[in-house]
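What follows is a single structure, written as structure tokens, with notes after it.
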Amino acid sequence: MRHNKFIYVLLCILCCILFTVAVGAGNGEAIKSHDNQYKNIALTFDDGPHPIYTERIIDILARHGVKATFFSIGENVNRHPEIIKRLSEEGHEIGNHTWSHRLIWKLGREGVVSELSRTETAINEICNLRPRLFRPPDGLNTIAIKEAAIEMDYSVILWTIDTRDWEQKTTSKDIVDNIMSNIHAGSIILCHDFVSRRDSQTPEAIEKVIPLLKEKGYNFVTVSELIHSS
Ligand SMILES: [Zn+2]
């Protein structure tokens, strides 16, 4: 009997390890999409929080009953704690996008760990949660980034569709067309809630694209929900 119990525990541990490897968590491998039978997709927003655009995007998501994932920069979290708090309270997922977003490619493992830790502490102090997802700035995945992600037990999340919404020439129609022509079950869509261009087209684009995607049967989930869906 005791022997059977031992085998059962061993099998459970083995299953957990296999599942973790299957979704890429903690092994430093970048996840760009995650196939699933439910037509689940994930909207993601990088570089915020921004004092105007993030709030505008949260309002649109709330109106449509959609949960998204925000990869926030530590410096901006520090500047706008009330927005990060709102994101968390409204059920959106918050990921780590480093503290400064600068020169990440130049940093060694320790430098990346420091950027992640600082941001993690800031988010934790405001929302009492520890982010589990890491999106490296510019989608870089250097050896140092990979090692830091493993050390800090983060899943590295990239994207399937890049809306290029930060470019001055990109219109809301471009964003919608790009998403609608490239979408498939398991897609991770990259948008930005902080852009340095004059007038962000992102809020208008997501206002238009959410109903179109719903009509086609897609379900919006957070990235953690997506990578754990079968
Ligand atoms: Zn970024």
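Things to note:
- Residue list for segment 127-142, restricted to those being modelled with pLDDT of 95 or more and either acidic (Asp, Glu) or away from the ligand (no atom under 16 Å from the Cβ) (or both): CYS127, ASN128, LEU129, ARG130, ARG132
- Here the condition is being in a helix (DSSP H, G or I), of a type in the set (Asp, Glu) and without any contact (Cβ under 8 Å) to a residue 12 or more places away in the chain; of GLU120, GLU125, it holds for GLU125 alone.
- Residue in segment 191-201 that is polar (S, T, N, Q), surrounded by 18 or more Cβ atoms within 10 Å (Cβ to Cβ) and under 19 Å from the mean Cα position of the chain (by Cα) present: no
- When VAL156, VAL112 are checked against the criterion of being touching a residue at least 24 places away in the same chain (Cβ under 8 Å) and in a helix (DSSP H, G or I), a single residue qualifies: VAL112.
- Every listed requirement among (1) under 18 Å from GLU29 (Cα atoms); (2) surrounded by fewer than 23 Cβ atoms within 10 Å (Cβ to Cβ); (3) within 16 Å of the ligand (Cβ to nearest atom); (4) among the β-branched types (Val, Ile, Thr) is met by THR170 save one, (1).
- The set of residues in segment 47-79 being within 14 Å of the ligand (Cβ to nearest atom), outside any helix (DSSP H, G or I) and either surrounded by fewer than 24 Cβ atoms within 10 Å (Cβ to Cβ) or not hydroxyl-bearing (Ser, Thr, Tyr) (or both) consists of ASP47, GLY48, PRO49, HIS50, PHE70, PHE71, ILE73.
- Given (1) crowded, with 22+ Cβ neighbours inside 10 Å; (2) within 16 Å of the ligand (Cβ to nearest atom), index of the condition LEU87 fails: (2)
- Residue check: GLY65 meets all listed conditions (1) on the phi > 0 side of the Ramachandran plot; (2) at pLDDT below 95 but one, namely (2).
- Top-ranked residue in segment 143-163 [being over 22 Å from GLY74 (Cα atoms) and within 16 Å of the ligand (Cβ to nearest atom); ranked as surrounded by the most Cβ atoms within 10 Å (Cβ to Cβ)]: THR163
- A residue that is assigned to a loop (DSSP other than H, G, I, E, B), at negative phi and basic (Lys, Arg) can be found somewhere in segment 100-109.
- Complete set of residues in segment 34-46 that are buried (at least 20 other Cβ atoms within 10 Å of the Cβ) and more than 12 Å from the ligand (Cβ to nearest atom): HIS34, ASN40, ILE41, ALA42, LEU43
- Scanning segment 202-230 for residues that are crowded, with 17+ Cβ neighbours inside 10 Å and of a type in the set (Asp, Glu), we see that the one that is farthest from ASP174 (Cα to Cα) is GLU225.
The values are calculated or read from the model by the stated rules, or taken from the named source; none is laboratory data. Bear in mind that the values here come from a model prediction, so they are computed numbers and not experimental data. Counting neighbours? That spans all protein chains shown, and the Cβs are built from the backbone with ideal geometry, glycine included.
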